[in-house]
Amino acid sequence: VGFEAKMQTAKINQGNIALRRVVESIANGDSHVPFRDSKLTMLLQDSFEDDKSKILMILCASPDPKEMHKTISTLEYGAKAKCIIRGPHTPVKDKTEDSSSAVILGSRIAAMDQFILKLQMENKQREKECNE
């Protein structure tokens with residue numbers, strides 16, 4: 001692999017890392033979102049902030065047991081991205097709104113935990129079938 005290909009791969013990885021930071025920042029409700037960390041995230045900023053835009057994230061997961069750590073990390077990243085609520089950010093006005101948001105987030109976390117558990121069980125079953 002040539003030098004140019006390695007440089008291109010490094011730039012792609014930097015963009016992906018910046019995108020992950022943006023996704024996590026938005027999903028966590030951080031006051032500062034690091035859109036300016038890469039050209040990719042600067043280009044996607046309007047899509048993240050506009051409630052009329054549609055975003056599709058495609059994740060690649062491997063059934064290979066050796067890649068389970070990467071697969072789980074990828075699925076957690078996707079679950080985090082699924083928590084993003086787009087549109088103008090409005091401050092929470094009272095405690096009832098805050099508690100209802102906490103209930104919604106709690107139910108989302110529970111659903112994601114169940115999904116991850118289901119995938120882990122399926123992975124164990126496939127490992128068992130491969131070893132037979």
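Nothing in this text is a laboratory measurement; each read-out follows from the coordinates by a stated rule. Here the structure is a predicted model, which means the values were calculated and not measured.
Descriptive notes on the structure:
- Calculated [222 nm] ellipticity per residue, helices only, for the chain: -23500 deg cm²/dmol; basis is -39500 (n - 2.57) per DSSP H run with n ≥ 4, divided by all residues, nearest 500.
- Projection of the Cα convex hull of segment 3-131, averaged over all directions and equal to a quarter of that hull's surface, yields 10.3 nm².
- Over segment 3-131, relative contact order from alpha-carbon pairs under 8 Å, at least 6 apart, %: 22 percent
- Entries in Lys6/Lys124; Lys39/Lys82; Lys11/Lys66; Lys82/Lys128; Lys11/Lys118 that, when Cα-Cα distance is taken, lie over 29 Å: Lys6/Lys124; Lys82/Lys128; Lys11/Lys118
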